[in-house]
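The values are calculated or read from the model by the stated rules, or taken from the named source; none is laboratory data. A quick note: this is a predicted structure, and the numbers were derived from the prediction, not measured. We place every Cβ from the backbone using ideal geometry, glycine too, and count neighbours over all the protein chains shown.
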Amino acid sequence: MAKVLEGPGMGLLRKWGISTPNYAVVTSSEEFDQLSQVNDWLQKNKLVVKAHEALGSRFKLGLVKVGLDLAAAKAAVREMLGKKLETLTIKQVIVSEAVDHKEEYYAAAKSTRDGVDLLVATCGGIEVESNWDKVKHVSIETGETLSDSALSSLVKDAGFSGDTAAKMAEFLKKLYACFDNEDAQYVEVNPVVLSVKGELMALDAVTLLDGDAKFRHKDWTFPFAAEFGRAYTKNEEEVMAVDAKVKGSVKLIEIPGGNIAMLPAGGGASVYYSDAVVARGGKLANYAEYSGDPPDWAVEVLTEKVCSLPGIKHIIVGGAIANFTDVKKTFGGIINAFRKAKEEGKLEGVKIWVRRGGPNELQGLAAMRALQDEGFDIQVFDRKTPLTDIVDMAMAAK
Amino acid sequence: MSILATKDTHVVIQGGVAGVNAARRMAEFRYMIKQPLNVSAFVYPPDAGKTNEIICGTELIMIPIYKTVAEATANHPEINTSLVYIGADRAYAGTMEALNDPHIKTVSMITEGVPEKDAKLLGKHARKLGKTFNGPSSIGVVSAGECRLGVIGGAFDNLVACKLYRPGSFGVITKSGGLSNEIIWICSQFADGITTAIGIGGDAYPGTDYVSYLEMFENDPQTKAVVIVGEMGGDLEERAAEWYGAKKRRIKLLAVVSGFCQESLPKGMKFGHAGAKEGLKGEGSARAKSEALKKSGAIVPDTFGALGPAIKATHEELLKSGQVKPIPDLAAPDMPRLPKTVQESMKEGEVLVTPLIRSTISDDRGDEPLYQGYPASELINNGYDIPHVIGLLWDNRLVSKQEAEIIKRIIMLSADHGPCVSGALTTIIAACAGIGLSQAVAAGMIMIGPRFGGAVTDAGRWFKYAIDNKLSVDDFLVYMKKNVGPVPGIGHRVKSLKNPDKRVKELVGYVKSLNMATPHLDFALEVEKITAVKKDNLILNVDGTMAAVLVDIGFPVDSLNGFFILSRTIGMIGHWTDQKRQGSRLIRLFDYLVNYASPKRREVPPLK
C-alpha cells in the first residue's frame, strides 16, 4: 500500500469527476502571494491552511488553521513552511477554500478479499466514529460491475432520500470509478459535504494506492508518503531508492530510541526476529530485511545505515535457510559495511550475532567468523541453531 | 502421496532467465530422486523457436521455447502445470493465458509486486474454472520424493540435508519463502520430514490460501500433520482456524504467527511482505490470529523457536499411536550426490586432465593479466611502455630502454603510408562498402604478404642466414639468386637511390648513432650497395631495414612480420574511421582504368 497526500489524492478524485473545493499546494510564501493575485477564490472565500506532509494529528500540532481570510492565510503559510518538527521540516502546505455547507456525510471504498466494499453514511466528520452502525455498505465482487440499482438501494438503506439520494448515488459511482481505475486500496472521503449551492463535494480524502500498480499509471508523478504518521528519514529514503533499483529487496524503517539493531534476511523471518526481540523485552532500533538475492552492494548500503543507528548495543544478522539468496555474496556486502563502520568507530561496544543457512552457507558463515580475528565482537551460528536463538543469547548477554 | 506437485506433474515455465534457473533447480531435484526432468517446455516469446539447455545430472537436455502456452501444450499434451516467472507488468496476461488452457490445472506464480487487483481477478478466474492459482510471490511447491516446482528447498545439499528424496508425514504451508525452507529443515530434523511444502506468497490476497491446502492435506493419507507459518495482516490464519475448528479433522495442525512486535511499533508500519500489515482498525493482529488458532485446537507454540520441539512431540505421538513408522536414515554412501564438474574434481585432486593448449606468455586467471608473470598495472606504474609489453609477449623478455626506443620508432615510422598502398586501399574500399571496422581492417591485413609489408620476416631470415653462415655479400647474392630469388627487403616500387626512402634513412641513422653492434644492418647496407648499382630501385627498403635492426636486437625471425602488422593496423583503423567520419559512399573502379582484354562479344554455341 502506498499513501498519497491530500493534494494528489484530491487530484485523483477530480480526475474522476468528483467536485472538491479549490485548493493549491504551495512550497513558498512568494508562490502563495503570486497565486493569490490571480485566483479569485483565494480572495473571496474563507480559507483553510494545512501542513501538507505525512503527519498524524495535525490539528493537535496546530498545523491546521480554518476560517482564515487571505491575510491570515498568508501569515499561516509563512508560519508553517519551514517549521521544524521532531522528524521533519514542513516543506509544503495546502490551502483550500472553505465551503459553506449544511450537511456532512461519509463515503469510502476499500479493497476486500472478494472485491470492493463501498461504504456510505448520512453522518460525517468526527461523528461517524461514534455512529459506525449508520455506515451501510455494498460489496462489489471482483470483476463485476457496480449496478445502478445496487447503488440506489444502498443510499436508500443508509437513509438518504430525494434529490440528495440521487446525488449521493452519483457521487459513489464516481468514487468507485476512481477507486477501480486508479488501483486504489482504500479511499475515504470524510466529510462529503452538501454545499449551500446543493452540490456534493469531497472536503478531505485519505487515499491509499497500490504501489505495485505504478507501472500502469504514468500520471502518478507524486511521491508516496509514509503510512505511520511521520515522514521517511533520509536513511529510509536512501534505502528505498536502492530497493527500487535492484533485483530482490532491501528495506529499512528506523525506530528512534531502540538499542537492538536488526539486519535479518527474509520478509517472513525478519518479523519473527523482531517478535523475538520484543518478546524478550528488548527495544528495536529498526526494522530491516533483505531478500530475493539482492546484489551485495545493496546489502552493503543497508548495513551501513543499520550500523549508523545511534546507541545500538547489538546487531542481529539473522535469517532462515535461504532458497536462492546467496549467503556468501550477501554476507560479503555486510562484511564490507561492517569493516567500514568499525574504521569509523561506529561498532564500539556493539555485539554482532549471526545465524543463517542457504546457498554457499559454509563460505558465508566462515567469512563472518573470520571477522573475530579482526577484532569484531561477533558470534556466528549455522542452521543447527534454531532461528531466533541468537536473539535470546543477545538479550542474555547485555 | 502428496498434494499439488506430484509424480504426475508436467510443467511449462513461462518466463526468461529466472525461469531457466528454476528449471535447473528442478532438474537437480529430479536427479536426486532418479526421475527424468518434468519440465516439458518454456513459453517466452522473445526466444520462441530456440531451446534452453538444462543440466540434468550428467546430461544436457534441450527444452523447447514456445511463443504461447497453447503451442506448448499442443506439442506437449502431458503439461498440466504452469510456473509463472514473468515480470509484474505482464504477469496478469501470461497467467490468464495459462489458466485458460484446458491442459493446465495448476498455475504457480513467483512474480512479486503484482497489483492486488490483478491477483484478485486471477484468483477469481481460477476458482471459476476449478483450477488452482498459487501465489503471487510464491517460492513454489515441493513434494518430497516426487516433484519440485520452483526453487523452493534451495541448493542441492540442502535438499539432501532436508531428506527431500523421500516423503515424511508433515505438510507445510507458509507465506514466506525463506521460512518454508526453514520449516522443511525443522521437520526433517525434529520429525520424519515433509510430504508437501507450499509457499502461498506474502501478498494480501493470494490466489489460494491455507484453507485450500488444508482441505487437500486432509484428503492426503500420507500427511499426518500440517505446519502453517502465518503473519499479521489479512484474515487467512483466522480462516484456517475456522476450518480446523469446524469439525473433527484427521490431520493435526501446528501454527505460529509473527507480528507481535507490531504492538510496540508504529502503527501502519510496512514489513517485508505486502500482506503483512494490520488493518487500519487493528484487525488481523498476530495476537488475534494466535488466539483464534489456539481456540480451534491447533498447537500454537509461543515462539518460532518452540516450533521444533512441538513438531517433535507431534511426531512422537504419531509414532506411539502407530500412525507413522520410523524411517531409517540413509547411510552416508547412499546419499544422493550431484555429479561433480571437471573443475570440482580437479580441485579435489581426483582427476588428471591433459591440457589442450600450452601458453608460455600470459596468465588471465587472477584479478588482472600477468605478462610473463608481471602484473600489467605494475608495469604501467613502473614506467614501462608498449614496446616492453611487445617484448614480453613476442619474445618472453623485458627489452632494454634502448631497445624499447628502437621498437617505438619502428612502429611510428610504419604506422601508415597513405591511402594508395594495397592495405590502406583495401581497407578504404571495404569501409566505403559499409563493412565494419574489424572486417575492413582484416581485409587490408590480408594484403600483407610477400609483395606488401610481409617481407620483414623473410628479409630477417636471409640476413640472419648470411651472418650465421658468415657469407660474403657476393656469396649471399649468388646463393639467393640460385635458391630463393629476389632478396627480400631489397627493392621498392617507387623509391630509388635518387629518391631515397626517408624512413629508412631515419631508422638507420638513429640505430647507427647508438653505441651497439649491428651486424645484420651493416650486412644489409652492404647488399644494397651492390644491388642498387645493378638497378636504381634495388635499395634497402623499410621491411629490410626493420628486419635487420630487429634481428640485431634479438627478436626471433618468426615475430618480425608482426611489427609491420601491428604498426600498419594503426593506419588501417585510421583509414576506416576517416571514411566513416566522412560518410563515404560505395566506390568502384572506373572502366577506363581497366584494359578489357577479354574476347569481344560473340555467339553462345548450343549446349552439348
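Answer yes if at least one residue in the range A:239-248 is more than 21 Å from the chain's Cα centre (by Cα) and assigned to a strand (DSSP E or B), and no otherwise. Quick ask: steps written out before the conclusion?
First, the residues of the range A:239-248 that are more than 21 Å from the chain's Cα centre (by Cα): A:247.
Checking the rest, the ones that are also assigned to a strand (DSSP E or B) come to none.
For the range A:239-248, residues more than 21 Å from the chain's Cα centre (by Cα) and assigned to a strand (DSSP E or B): absent.
Could you figure out which of (1) surrounded by fewer than 20 Cβ atoms within 10 Å (Cβ to Cβ); (2) within 28 Å of B:His492 (Cα to Cα); (3) at pLDDT 95 or above; (4) not hydrophobic (A, V, I, L, M, F, W, C) isn't true of B:Arg451?
The one condition B:Arg451 does not meet is (3).
I'd like to check something: does the range B:99-109 contain any residue that is small (Gly, Ala, Ser) and either at the interface with another protein chain (Cβ under 10 Å from one of its Cβ atoms) or in contact with a helix residue (DSSP H, G or I) (Cβ under 8 Å, 6 or more places away or on another chain) (or both)?
Taking the range B:99-109 and keeping what is small (Gly, Ala, Ser), we get B:108.
Next, only the ones that are either at the interface with another protein chain (Cβ under 10 Å from one of its Cβ atoms) or in contact with a helix residue (DSSP H, G or I) (Cβ under 8 Å, 6 or more places away or on another chain) (or both) stay: none.
No, the range B:99-109 contains no residue that is small (Gly, Ala, Ser) and either at the interface with another protein chain (Cβ under 10 Å from one of its Cβ atoms) or in contact with a helix residue (DSSP H, G or I) (Cβ under 8 Å, 6 or more places away or on another chain) (or both).
Taking the condition part of a loop (DSSP other than H, G, I, E, B) and among the polar types (S, T, N, Q), does A:Thr303 pass? Please lay out each step first, then the result.
Values: part of a loop (DSSP other than H, G, I, E, B): no; among the polar types (S, T, N, Q): yes.
No.
Any residue that is within 14 Å of chain A (Cβ to nearest Cβ), outside any loop (DSSP other than H, G, I, E, B) and of a type in the set (D, E, K, R) - is there at least one of those in the range B:208-230?
Here is the first cut: in the range B:208-230, the residues within 14 Å of chain A (Cβ to nearest Cβ) are B:208-212, B:227-230.
Narrowing further to those that are outside any loop (DSSP other than H, G, I, E, B): B:210-212, B:227-230.
If we keep only those that are of a type in the set (D, E, K, R) too, we end up with none.
Within the range B:208-230, none of the residues are within 14 Å of chain A (Cβ to nearest Cβ), outside any loop (DSSP other than H, G, I, E, B) and of a type in the set (D, E, K, R).
Restricting the search to the range B:51-89, which residues are under 25 Å from the mean Cα position of the chain (by Cα) and farther than 29 Å from B:Lys34 by Cβ?
Taking the range B:51-89 and keeping what is under 25 Å from the mean Cα position of the chain (by Cα), we get B:51-67, B:83-88.
Residues satisfying the conditions are B:Lys67, B:Ile86, B:Gly87, B:Ala88.
Just checking, which of A:Ala265, A:Ala320 is under 23 Å from the mean Cα position of the chain (by Cα) and surrounded by 24 or more Cβ atoms within 10 Å (Cβ to Cβ)? So that I can check it myself, show each step before the final result.
Values: A:Ala320 fails: under 23 Å from the mean Cα position of the chain (by Cα).
Going through A:Ala265, A:Ala320 in turn, just one is under 23 Å from the mean Cα position of the chain (by Cα) and surrounded by 24 or more Cβ atoms within 10 Å (Cβ to Cβ): A:Ala265.
Report, by residue number, each residue of the range A:226-248 that is surrounded by fewer than 19 Cβ atoms within 10 Å (Cβ to Cβ), small (Gly, Ala, Ser) and touching a Phe, Trp or Tyr at 6+ places or on another chain (Cβ under 8 Å).
Result: A:Gly248, single match.
Go through A:Val391, A:Val327 for me and flag whichever is farther than 21 Å from B:Asn158 by Cβ, within 14 Å of chain B (Cβ to nearest Cβ) and either surrounded by 23 or more Cβ atoms within 10 Å (Cβ to Cβ) or of a type in the set (Ser, Thr, Tyr) (or both). Write out each step before concluding.
Values: A:Val327 fails: farther than 21 Å from B:Asn158 by Cβ.
A:Val391 is the lone residue from the list that is farther than 21 Å from B:Asn158 by Cβ, within 14 Å of chain B (Cβ to nearest Cβ) and either surrounded by 23 or more Cβ atoms within 10 Å (Cβ to Cβ) or of a type in the set (Ser, Thr, Tyr) (or both).
Determine whether the range B:459-476 contains at least one residue that is outside any loop (DSSP other than H, G, I, E, B) and among the polar types (S, T, N, Q). Write out each step before concluding.
We begin by selecting, within the range B:459-476, every residue outside any loop (DSSP other than H, G, I, E, B); these are B:459-468, B:473-476.
Pick out the ones that are also among the polar types (S, T, N, Q) and you get none.
For the range B:459-476, residues outside any loop (DSSP other than H, G, I, E, B) and among the polar types (S, T, N, Q): absent.
For the range A:36-55, enumerate the residues that are in contact (Cβ under 8 Å) with a residue 24 or more places away in the chain, surrounded by 14 or more Cβ atoms within 10 Å (Cβ to Cβ) and not basic (Lys, Arg). Let's see the steps before the verdict.
Step one: filter the range A:36-55 for residues in contact (Cβ under 8 Å) with a residue 24 or more places away in the chain, giving A:36, A:41-43, A:45-55.
Now restrict to residues that are surrounded by 14 or more Cβ atoms within 10 Å (Cβ to Cβ): A:36, A:41-42, A:45-55.
Scanning the range A:36-55 gives A:Ser36, A:Trp41, A:Leu42, A:Asn45, A:Leu47, A:Val48, A:Val49, A:Ala51, A:His52, A:Glu53, A:Ala54, A:Leu55.
Can you confirm whether B:Gly444 is under 39 Å from the mean Cα position of the chain (by Cα) and surrounded by 18 or more Cβ atoms within 10 Å (Cβ to Cβ)?
Values: under 39 Å from the mean Cα position of the chain (by Cα): yes; surrounded by 18 or more Cβ atoms within 10 Å (Cβ to Cβ): yes.
Against the criterion (under 39 Å from the mean Cα position of the chain (by Cα) and surrounded by 18 or more Cβ atoms within 10 Å (Cβ to Cβ)), B:Gly444 qualifies.
Whether any residue in the range B:321-332 is touching a His at 6+ places or on another chain (Cβ under 8 Å) and touching a residue at least 40 places away in the same chain (Cβ under 8 Å) is what I want to check.
Checking the range B:321-332: at least one residue is touching a His at 6+ places or on another chain (Cβ under 8 Å) and touching a residue at least 40 places away in the same chain (Cβ under 8 Å).
For a quick check of your reading of the model, give me the residue pairs whose first member lies in the range B:356-384 and is assigned to a loop (DSSP other than H, G, I, E, B), whose second is β-branched (Val, Ile, Thr) and surrounded by 10 or more Cβ atoms within 10 Å (Cβ to Cβ), with beta-carbon atoms closer than 8 Å and at least 6 apart or on different chains.
If the second residue must be β-branched (Val, Ile, Thr) and surrounded by 10 or more Cβ atoms within 10 Å (Cβ to Cβ), the pairs left are B:Gln372/B:Ile361.
Read through the list (1) at positive phi; (2) within 14 Å of chain B (Cβ to nearest Cβ), then give the number of the only condition that A:Gly82 fails.
(2)
Counting only residues that are assigned to a loop (DSSP other than H, G, I, E, B) and either on the phi > 0 side of the Ramachandran plot or more than 8 Å from every other protein chain (Cβ to nearest Cβ) (or both), which one in the range A:352-383 is surrounded by the fewest Cβ atoms within 10 Å (Cβ to Cβ)?
Looking only at the range A:352-383, we keep the residues that are assigned to a loop (DSSP other than H, G, I, E, B), and these are A:356, A:358-360, A:375-377, A:382-383.
Filter once more, so that each one left must be either on the phi > 0 side of the Ramachandran plot or more than 8 Å from every other protein chain (Cβ to nearest Cβ) (or both): A:356, A:358, A:360, A:375-377, A:382.
Details: A:Arg356: 29, A:Gly358: 27, A:Asn360: 18, A:Gly375: 9, A:Phe376: 19, A:Asp377: 16, A:Asp382: 15.
Here the answer is A:Gly375.
Do you know which residues across the range B:554-601 are within 30 Å of B:Met516 (Cβ to Cβ), over 38 Å from the mean Cα position of the chain (by Cα) and among the small types (Gly, Ala, Ser)?
Within the range B:554-601, just B:Gly554 meets the criteria.
I'd like to know if the range A:83-102 contains one or more residues that are acidic (Asp, Glu), within 30 Å of the chain's Cα centre (by Cα) and within 28 Å of A:Gly198 (Cα to Cα).
Within the range A:83-102, the first condition is being acidic (Asp, Glu), and the residues that meet it are A:86, A:97, A:100.
With within 30 Å of the chain's Cα centre (by Cα) added as a condition, the list becomes A:86, A:97.
From what is left, the residues that are within 28 Å of A:Gly198 (Cα to Cα) are A:97.
Yes, some residue in the range A:83-102 is acidic (Asp, Glu), within 30 Å of the chain's Cα centre (by Cα) and within 28 Å of A:Gly198 (Cα to Cα).
Determine, yes or no, whether A:Val306 is under 25 Å from the mean Cα position of the chain (by Cα), in contact (Cβ under 8 Å) with a residue 60 or more places away in the chain, closer than 20 Å to A:Arg356 by Cα and more than 7 Å from chain B (Cβ to nearest Cβ). Can you show your working first?
On the way: under 25 Å from the mean Cα position of the chain (by Cα): yes; in contact (Cβ under 8 Å) with a residue 60 or more places away in the chain: no; closer than 20 Å to A:Arg356 by Cα: yes; more than 7 Å from chain B (Cβ to nearest Cβ): yes.
For A:Val306, the condition - under 25 Å from the mean Cα position of the chain (by Cα), in contact (Cβ under 8 Å) with a residue 60 or more places away in the chain, closer than 20 Å to A:Arg356 by Cα and more than 7 Å from chain B (Cβ to nearest Cβ) - is not met.
Quick one: in the range B:234-288, which of the residues that are among the aromatic types (Phe, Trp, Tyr) and either in contact with a Pro (Cβ under 6 Å, 6 or more places away or on another chain) or more than 24 Å from B:Gly113 (Cα to Cα) (or both) is farthest from the other protein chains (Cβ to nearest Cβ)? Give the derivation first.
Going residue by residue through the range B:234-288, those that are among the aromatic types (Phe, Trp, Tyr) are B:243-244, B:260, B:271.
Filter once more, so that each one left must be either in contact with a Pro (Cβ under 6 Å, 6 or more places away or on another chain) or more than 24 Å from B:Gly113 (Cα to Cα) (or both): B:243-244, B:260.
On the way: B:Trp243: 15, B:Tyr244: 19, B:Phe260: 5 Å.
Within the range B:234-288, the match that is farthest from the other protein chains (Cβ to nearest Cβ) is B:Tyr244.
Given the conditions (1) more than 13 Å from chain A (Cβ to nearest Cβ); (2) surrounded by fewer than 19 Cβ atoms within 10 Å (Cβ to Cβ), report the number of the one that B:Thr95 does not fulfil.
(2)
Report the residue count in the range B:298-315 for those that are more than 13 Å from chain A (Cβ to nearest Cβ) and not aliphatic (A, V, I, L, M). Please lay out each step first, then the result.
From the range B:298-315, those more than 13 Å from chain A (Cβ to nearest Cβ) are B:298-300, B:313-315; that's our starting set.
Filter once more, keeping what is not aliphatic (A, V, I, L, M): B:314-315.
Residues in the range B:298-315 being more than 13 Å from chain A (Cβ to nearest Cβ) and not aliphatic (A, V, I, L, M): 2 in total.
Any idea how many residues of the range B:423-450 are in contact (Cβ under 8 Å) with a residue 24 or more places away in the chain, of a type outside the set (Ser, Thr, Tyr) and out of contact with any strand residue (DSSP E or B) (no Cβ under 9 Å at 6 or more places or on another chain)?
Keep residues of the range B:423-450 that are in contact (Cβ under 8 Å) with a residue 24 or more places away in the chain, which gives B:423-424, B:427-434, B:437, B:440-441, B:444-445, B:447-448, B:450.
Add one more test, that the residue is of a type outside the set (Ser, Thr, Tyr), and what stays is B:423-424, B:428-434, B:437, B:440-441, B:444-445, B:447-448, B:450.
Filter again for out of contact with any strand residue (DSSP E or B) (no Cβ under 9 Å at 6 or more places or on another chain), leaving B:424, B:428-434, B:437, B:440-441, B:444-445, B:448, B:450.
The qualifying residues number 15.
Run down B:Val551, B:Val604, B:Val542, B:Val533 and say which single residue is touching a residue at least 40 places away in the same chain (Cβ under 8 Å) and either within 44 Å of the chain's Cα centre (by Cα) or more than 30 Å from B:Cys432 (Cα to Cα) (or both).
On the way: B:Val604 fails: touching a residue at least 40 places away in the same chain (Cβ under 8 Å); B:Val542 fails: either within 44 Å of the chain's Cα centre (by Cα) or more than 30 Å from B:Cys432 (Cα to Cα) (or both); B:Val533 fails: touching a residue at least 40 places away in the same chain (Cβ under 8 Å).
Criteria check complete, one pass: B:Val551.
Would you confirm whether any residue within the range A:113-122 is surrounded by 15 or more Cβ atoms within 10 Å (Cβ to Cβ), of a type in the set (A, V, I, L, M), assigned to a strand (DSSP E or B) and within 14 Å of another protein chain (Cβ to nearest Cβ)?
So far as the range A:113-122 goes, yes, one or more of its residues are surrounded by 15 or more Cβ atoms within 10 Å (Cβ to Cβ), of a type in the set (A, V, I, L, M), assigned to a strand (DSSP E or B) and within 14 Å of another protein chain (Cβ to nearest Cβ).
Only one of A:Val196, A:Val277, A:Val271, A:Val189 is of a type in the set (A, V, I, L, M), more than 9 Å from chain B (Cβ to nearest Cβ) and surrounded by 19 or more Cβ atoms within 10 Å (Cβ to Cβ); which? Spell out the reasoning first.
On the way: A:Val196 fails: surrounded by 19 or more Cβ atoms within 10 Å (Cβ to Cβ); A:Val277 fails: more than 9 Å from chain B (Cβ to nearest Cβ); A:Val271 fails: more than 9 Å from chain B (Cβ to nearest Cβ).
None of the other options fit; the residue is A:Val189.
Restricting the search to the range B:556-601, which residues are in a loop (DSSP other than H, G, I, E, B), in contact (Cβ under 8 Å) with a residue 40 or more places away in the chain and among the β-branched types (Val, Ile, Thr)?
Pass one, the range B:556-601, residues in a loop (DSSP other than H, G, I, E, B): B:556, B:583-590, B:594-601.
Now drop any that are not in contact (Cβ under 8 Å) with a residue 40 or more places away in the chain, which leaves B:556, B:584-587.
The answer is B:Ile587, and nothing else.
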